[in-house]
Amino acid sequence: MVGHLDADCFYVSAERVRHPDLRNKPVGVLGNNGACVIAKSYEMRAAGVKTGTPIWDAVKLCPTGVYVKRDFYWYEVLSRKMLEAVSRHFSPVEYYSIDEFFFRANAPRAGQRLHDAALAVRDHILEACGLPVTIGVARTRTLAKLFSDTAKPFGAVTVTDRDHERELLARLPVTEISGVGGRRAARLAPYGIRTCLDYAQAEGRLIRQLLTKTGYELWLELNGHPVTPIRPERTPHQVLARGGSLMGNVEDPTVLWAWCVRHTERLIEELHFHNVRTDALGVSLAWKDGESTAGVCKLPVPSDRFDELLDGARTALRRAYLPRKVATHMHVVAPELRRARGFQLSLFDPPNAKLDAVARVKTAVNERYGRFKLRSASTLYLPAVYADPANNFDICDVRGKVCF
Ligand SMILES: [Mg+2]
């Protein structure tokens with residue numbers, strides 16, 4: 001059996017952990033630039049505010065709402081705590097996203113029913129982390145995720161018998177399956193496939209014809225045949241990148257360089273976290289007129305060190321740069337990763353003891369006192385970015401989260 005655990009309105013619940021006075025009030029969490037609601041409490045949802053609603057519409061729909069800016073650093077702290085709590089009850093656990101985990105839901109303590117074990121984790125997380133979560137347990141990941149959604153909020157559902165499974169599937173439209181959107185649903189509709197039960201009971205061959213291999217694999221999962229295993233370890237990265245919007249139009253090369261250094265510093269954190277080095281560094285730029293350019297610089301040796309990557313970034317940016325044009329987005333990319341151990345140093349490696357020591361001091365200071373406490377002076381040209389604590393933690397810095 002597979003379990004799926006999903007925190008209820010995670011960002012809002014996380015804000016309520018540190019601001020208990022937000023409980024029972026309509027709360028909306030805003031994105032980086034404060035422009036739209038990226039998460040809302042049930043109270044705010046009742047007022048008609050949806051994920052993605054712009055703030056100016058949200059305050060009209062819900063004038064009594066409390067709107068707070070997101071703080072992914074805090075959410076990640078709670079996410080780790082949840083992971084730890086689940087791991088005490090079940091193993092292995094897969095960190096699927098910042099607020100969702102899959103786990104193998106087999107053999108709880110002797111004599112304990114599986115459903116009671118699910119309830120125990122749910123209650124443990126509320127107690128230990130202050131977060132309400134919902135759990136679904138079923139024969140496969142796809143089923144578990146579908147069913148946990150039906151039990152929200154603060155629910156737990158364990159589906160062990162087939163009649164119960166069919167009864168739940170019959171109530172869910174196919175679009176509830178993650179991976180089946182409107183377009184795929186439209187292809188199924190002419191065959192009378194509207195509910196998840198219709199999907200599961202359709203001919204496998206027909207599903208494969210209509211929705212290719214992806215759809216067929218979902219069909220297998222809906223029929224209780226696990227396709228995707230629980231992955232406690234993340235698959236190793238091929239490429240790492242950091243970047244995003246330049247928060248406006250940038251023409252000044254000094255400011256472009258400042259962003260480039262900022263993203264390089266963020267990228268280095270990732271290289272350290274994943275214990276990899278890169279053979280090359282790339283910079284890509286999106287320009288306001290729709291054009292985009294990229295530059296790559298091969299490094300003399302695979303590196304994760306600030307001074308070496310900065311040299312690479314300088315060359316790469318120069319190659320991507322177009323004078324007198326306005327840029328809007330930038331990414332710094334490490335396209336050729338190698339495990340930090342197990343590569344050969346060249347005979348001509350530059351003497352690096354001093355710079356190596358400087359890089360290590362920088363990492364140590366920032367680990368102890370907070371990100372970017374010690375950073376390159378080139379980034380002084382971005383005072384607004386560093387004055388705003390929320391900007392220290394862009395969404396893409398949260399490992400395992402794909403959107404926002
Ligand atoms: Mg959730």
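Here are the numbers for this structure:
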quantity	calculated
Number of the exception - Gly52 against (1) surrounded by 16 or more Cβ atoms within 10 Å (Cβ to Cβ); (2) within 16 Å of the ligand (Cβ to nearest atom); (3) at pLDDT below 95	(1)
Qualifying residue in region 309-329 (condition: outside any helix (DSSP H, G or I), crowded, with 22+ Cβ neighbours inside 10 Å and in the same structural domain as Ser378 (by TED's automatic domain parsing))	yes
Answer residue from region 94-113, given it is surrounded by 16 or more Cβ atoms within 10 Å (Cβ to Cβ) and away from the ligand (no atom under 16 Å from the Cβ) and is nearest to Asp161 (Cα to Cα) among those	Ala105
Residue match in region 18-30 (condition: away from the ligand (no atom under 16 Å from the Cβ), among the aliphatic types (A, V, I, L, M) and under 20 Å from the mean Cα position of the chain (by Cα))	yes
Residue that is in contact with a helix residue (DSSP H, G or I) (Cβ under 8 Å, 6 or more places away or on another chain) and among the small types (Gly, Ala, Ser), where the choices are Ala46, Ala35	Ala35
Breaking point among (1) assigned to a helix (DSSP H, G or I); (2) in contact (Cβ under 8 Å) with a residue 40 or more places away in the chain, for Met247	(1)
Matching strands (runs of 3 or more DSSP E) fully within region 26-107 where at least 2 residues are among the aliphatic types (A, V, I, L, M) and free of Cβ contacts under 8 Å to residues at least 60 places away in the same chain	27-30, 37-40, 66-69
Enumeration of residues in region 1-14 that are within 14 Å of the ligand (Cβ to nearest atom) and surrounded by 20 or more Cβ atoms within 10 Å (Cβ to Cβ)	His4, Leu5, Asp6, Ala7, Cys9, Phe10, Tyr11, Val12, Ser13, Ala14
Residue check for Ile177: under 30 Å from His19 (Cβ atoms) and within 23 Å of the chain's Cα centre (by Cα)	no
Residue in region 55-93 that is surrounded by the fewest Cβ atoms within 10 Å (Cβ to Cβ), counting only those that are among the aromatic types (Phe, Trp, Tyr) and farther than 30 Å from Val121 by Cα	Trp56
Filter result for the condition that a residue is at pLDDT 75 or above and not aliphatic (A, V, I, L, M), over Phe348, Phe306, Phe343	Phe306
Those residues of region 15-25 which are loosely packed, with under 14 Cβ neighbours inside 10 Å and not in a loop (DSSP other than H, G, I, E, B), in sequence order	Arg18, Pro20, Asp21
Filter pass, Gly290 being surrounded by fewer than 19 Cβ atoms within 10 Å (Cβ to Cβ), at positive phi and at pLDDT below 90	no
Scan of region 241-268 for residues that are farther than 14 Å from Ala313 by Cβ, modelled with pLDDT under 95 and buried (at least 19 other Cβ atoms within 10 Å of the Cβ), ordered by number	Leu246
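The values are calculated or read from the model by the stated rules, or taken from the named source; none is laboratory data. If you're wondering where the values come from, they're calculated on a predicted model, not measured in any experiment. Please note: Cβ atoms are built from the backbone with ideal geometry, for glycine as well, and neighbour counts cover all protein chains shown.
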